[in-house]
Amino acid sequence: MDVPLVEPAITAASTPSGLSSAEAARRLLNFGPNRVVEERVQPLARVMAHFWAPVPWMLEATIALQVTIGERLEALMIATLLLLNVGLGVFQENRANAALALLKQRLVLKVQVKRDGAWVEAPAADLVPGDIVQASLGSVVPADLRIIAGTVLLDQSMLTGESIPAEAEPGKIAYAGALVRRGEATAEVVATGARTYFGRAAELVRIAHVESSEQQAVLGVVRNLTIVNFAIVIGMVAYAHAIGMSTTRIIPLVLTALLSAVPVALPATFTLAATLGAKALALKGVLLTRLSALHEAAMIDVLCADKTGTLTANELIVSAVLPVKEGWSEEDVLAVAALASSTDGQDPIDAAIRSTAQRQNASHRRLEVLRFTPFDPAVKMAEAVAINGDGGKIHVIKGAPAVVGTIAPMNPETAAKVEVLSAAGSRTLRVACGPLGSPVFIGLIAFGDPPRADSRALLAELEALGVRIVMVTGDAAATAAPVARAVGLEGPVCPGKIPETVGPDEFAVYAGVFPEEKFRLVKAFQQCGHAVGMCGDGANDAPALRQAQMGIAVSTATDVAKAAAGIVLTQPGLGGIVTSIKEGRTAFQRVLTYTLSILVNKCATLVVLGAGLVMTGHAVLTPLLQAISMLAGDFVTMSRAADRVTPSPRPNAWRIHNLTLAAIPLGLFKLCYYVSVLAAGWFALGLGPVEMRTLTFVMLVFAGQATVYVLRERGPFWSSRPAAVMLFASSADVAVVASLAIGGILMAPLPPAIIGLLFVATLAFAFALDFVKMTVFSRLRID
């Protein structure tokens, strides 16, 4: 494919002797070094950023208050949880942003540049617009160049993902990062650093950003909890003051309320669910470059699939052989074309011809090549002279149809066949053969990049999962449309400039799309409210991969694309995408259960603290018991991250409003149960204030366990068996809490009979809560 022409960075033409050293130095100051500039953030600043967010703020305020009143053990427990969350975040962040560094490494080159009339070797970073440089076989183009003299064949697959090399003649542009596969040229530098085609991709990667839905969910949950809890705490303090409680008794009450309001394990649960999912994906050949990518995979409802290397094999093959001379077969045309093809494997077209001829056993054993002239981009053809068994010489020509046509003309009927092949997206070569000086046209060979064998089935499965697929490619519409039809993508083709506002349902294929446009297309879909996945393999895909919620680098991707993506496939084919989406939806269900649990538990716990204060005139929970109950509850809830889950059949989304609406009736029902237990303990059993604290502690832990089991299933909670690790954690929690309460460790003791009754009451509560849950979930369509 052709990449867009970049205007020269300067208008003054360079002299044949190149720039002077003084002029080069002046321009270096003006244009800057030939590298991508990166904003560096100090390691300490990155670590401290993890302490500056809503959940850490709540934890930090609680720790400060605990230290102030001398509750050092409780402060240490909460500080440990805070540091654990920060440590996990920092560890993942250090692995997440490698794309820009890889892009910069591409520009660390040495180059032959003409300075002061002489050729010298200089770092590519010192190049400036107007420099005269050499591009030779095997070298990497160090900046955007305009060819002055000579012709080169450029491998731009690392930029465009295209498998077919492009020819660059005088006047054409060679882009930074391309590899010279054949030829040699003198060229003028027209753009450097971030102004190059490659550098602009690096700049887009740097600025690309989409807020994680995970971050939005955390902020939404914390916001809702804070609003409700703040109002409850104010009411509790006002009532305590009204009944004459001293300040020394009110402070522990406030501290307990703050602890009950903080979703301590919320960030850690998100991270743990993603970590376990990442481990499962790694075993299936899928790697995550950032953990949040797994949660984003659950929400993808649009997938932008690149054609080359993603839907196709990124491998040039002979797609058709068309003999045009009477008596000549396909094998004959291939055999003759192979005579004029190089054997070193460097030219992909020659390699495709020879491998196809070998597979079809097409060869002329009676012909021996006397002279071979490799393909020359300047004349657009290759030649060979062979001798047959009778000593006669045969002249073989293979090249562009227009060029070979001047030597061996073709009739209008054959010209029409060439047009048909071109319209089908094939690149064609013409083959001529005959006595020296009078070769005749014998046939056409068409080349293409075939679809992957699994692409059609994969796309059908993605559609069944509720994901809309669109092809986004830099290829022309004539090339992209046949591939789209072959893999089952039906719909209109956008052949050029993408409209300013566009949705994924308007076109099935976006053709002729360049890196900046891919980047803008992803953003346009996101602005329509879609969660977007982007597949790619070339460096030109990196900005869009970074911008998309789920950037997917296929197994043939460049290092730049892999570093920019959130998900990297390590095995051929695209089955890993389906695996990632299913695993993401599984992790989402686990985190959704936890989020709903804390919305129900936190609000109900705070209200019951107020209810207990009104009922008994005393605080029914101490800060220490609240901290222990939080640890016990979070221990089981976090084990939910390894629980068995059925992924949802549709894309997921964080609907915090719906979750809050669901939490209200569930929380009210749980609150009624809490108040009933407290009333039974205070009025029926005649427990004192210190025993009521133990009862409240055990009640919160047992009911919290029941809530986790009820909310883990969208249907009846007994529909599936929990994971062994969850059952173990739950059993351990119940045993430890019951032992502490019966033994009077860190609290006033309660008789075993009361603990047993509370356990039975919790079981009854679980069945009743399950009925309420199914009714609420059905009406709010929570799945």
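The values are calculated or read from the model by the stated rules, or taken from the named source; none is laboratory data. Note that the coordinates shown come from a computational prediction; the quantities given were computed from them, not determined experimentally. Using ideal geometry, Cβ is built from the backbone for each residue, glycine included, and neighbour counts are taken over all protein chains shown. When the accessible area is computed, the model is the full protein with side chains, heavy atoms only, and any ligands, DNA or RNA have been set aside. Shrake-Rupley method; radii C 1.70, N 1.55, O 1.52, S 1.80 Å.
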Exercise for the section: For residues that are hydrophobic (A, V, I, L, M, F, W, C) and either touching a His at 6+ places or on another chain (Cβ under 7 Å) or farther than 15 Å from Tyr709 by Cα (or both), tally how many sit in the range 761-783. Expected result: 5
Handout entry: Close pairs from the range 601-618: first among the polar types (S, T, N, Q) and at pLDDT 80 or above, partner open to solvent by 10 Å² or more (accessible area, probe 1.4 Å) and part of a helix (DSSP H, G or I), Cβ under 8 Å, at least 6 apart
Key = Thr616/Trp682; Thr616/Pro689
Problem - Cβ pairs under 7 Å, 6+ apart, first in the range 706-725 and free of Cβ contacts under 8 Å to residues at least 60 places away in the same chain, second open to solvent by 20 Å² or more (accessible area, probe 1.4 Å) and among the polar types (S, T, N, Q) - result: Glu713/Ser719; Glu713/Ser720
Fill in the blank from the handout: Residue hits (the range 17-58; open to solvent by 50 Å² or more (accessible area, probe 1.4 Å), under 24 Å from Ala178 (Cα atoms) and either of a type in the set (A, V, I, L, M, F, W, C) or modelled with pLDDT of 70 or more (or both)) are Leu28, Pro33, Arg35, Val37
Problem - Candidate set: the range 435-454, residues that are open to solvent by less than 10 Å² (accessible area, probe 1.4 Å) and of a type in the set (Gly, Ala, Ser); chosen: the one nearest to the chain's Cα centre (by Cα) - result: Ala446
Practice task
Name the one entry in Gly512, Gly496, Gly503 that is touching a Cys at 6+ places or on another chain (Cβ under 9 Å), more than 23 Å from Pro651 (Cα to Cα), among the small types (Gly, Ala, Ser) and in a loop (DSSP other than H, G, I, E, B).
Solution key: Gly512
Practice task
Of all residues in the range 561-584, count the ones that are at pLDDT 85 or above, assigned to a helix (DSSP H, G or I) and crowded, with 21+ Cβ neighbours inside 10 Å.
Solution key: 6
Handout entry: Of all residues making up the range 694-718, the number that are surrounded by fewer than 22 Cβ atoms within 10 Å (Cβ to Cβ) and within 24 Å of Gly617 (Cβ to Cβ)
Key = 0
Handout entry: Subset of the range 483-532 (residues that are touching a strand residue (DSSP E or B) at 6+ places or on another chain (Cβ under 9 Å), open to solvent by 10 Å² or more (accessible area, probe 1.4 Å) and at pLDDT below 85)
Key = Pro495, Ile498, Gly512, Glu517
Practice task
Any residue in the range 636-661 that's within 15 Å of His295 (Cα to Cα): show its pairings with residues that are of a type in the set (Asp, Glu) and modelled with pLDDT of 75 or more at Cβ separation under 8 Å, as long as the two are six or more apart or on different chains.
Solution key: Pro647/Glu583; Pro651/Asp301
Fill in the blank from the handout: Residue hits (the range 290-326; among the β-branched types (Val, Ile, Thr) and open to solvent by 10 Å² or more (accessible area, probe 1.4 Å)) are Ile317, Val318, Val321, Val324
Completion exercise
Inside the range 118-140, the number of residues satisfying the requirement of being under 15 Å from Pro377 (Cβ atoms) and surrounded by 19 or more Cβ atoms within 10 Å (Cβ to Cβ) is 1
Exercise for the section: Would you mind stating whether Ala544 is crowded, with 24+ Cβ neighbours inside 10 Å and either touching a Pro at 6+ places or on another chain (Cβ under 6 Å) or outside any helix (DSSP H, G or I) (or both)? Expected result: no
Problem - Output for the range 445-485, where each listed residue is within 30 Å of Asp332 (Cβ to Cβ) and in a helix (DSSP H, G or I) - result: Ala478, Thr479, Pro482, Val483
Practice task
Need at least 3 residues that are in contact with a Gly (Cβ under 6 Å, 6 or more places away or on another chain) per element, so show me which helices (runs of 4 or more DSSP H) inside the range 279-374 make the cut, counting only ones lying wholly within it.
Solution key: 292-297
Fill in the blank from the handout: Residue hits (the range 485-510; hydrophobic (A, V, I, L, M, F, W, C) and without any contact (Cβ under 8 Å) to a residue 40 or more places away in the chain) are Ala486, Leu489, Val493, Cys494, Ile498, Val502, Phe507, Ala508, Val509
Fill in the blank from the handout: Checking Ser341, Ser355, Ser329 in turn, the sole residue that is surrounded by fewer than 21 Cβ atoms within 10 Å (Cβ to Cβ) and closer than 23 Å to Leu154 by Cα turns out to be Ser355
Problem - Filtered residues of the range 745-767 (kept if exposed (fewer than 13 other Cβ atoms within 10 Å of the Cβ), under 52 Å from the mean Cα position of the chain (by Cα) and more than 28 Å from Arg712 (Cα to Cα)) - result: Ile745
Exercise for the section: Output the residues belonging to the range 686-707 that are among the small types (Gly, Ala, Ser) and under 11 Å from Ala741 (Cα atoms). Expected result: none
Exercise for the section: Within the range 729-743, work out how many residues are surrounded by 13 or more Cβ atoms within 10 Å (Cβ to Cβ) and over 25 Å from Val675 (Cβ atoms). Expected result: 3
Exercise for the section: Would you mind stating whether Ala457 is within 25 Å of Pro374 (Cβ to Cβ), open to solvent by 10 Å² or more (accessible area, probe 1.4 Å), free of Cβ contacts under 8 Å to residues at least 40 places away in the same chain and of a type outside the set (D, E, K, R)? Expected result: no
Fill in the blank from the handout: Residues in the range 128-155 that are more than 18 Å from Val111 (Cβ to Cβ) and at pLDDT below 75 total 0
Practice task
State whether one or more residues within the range 377-388 are modelled with pLDDT under 90, assigned to a helix (DSSP H, G or I) and crowded, with 16+ Cβ neighbours inside 10 Å.
Solution key: no
Exercise for the section: Collect the residues in the range 660-693 that are in contact with a Gly (Cβ under 8 Å, 6 or more places away or on another chain) and open to solvent by less than 10 Å² (accessible area, probe 1.4 Å), keeping them in residue-number order. Expected result: Leu678, Met692
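For (1) touching a Pro at 6+ places or on another chain (Cβ under 6 Å); (2) of a type in the set (A, V, I, L, M, F, W, C); (3) modelled with pLDDT under 90, each residue gets a yes or a no:
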residue	(1), (2), (3)
Ile664	no, yes, yes
Gly667	no, no, yes
Tyr673	no, no, no
Ser676	no, no, no
Ala679	no, yes, no
Phe683	no, yes, no
Met692	no, yes, no
Leu695	no, yes, no
Met699	no, yes, no
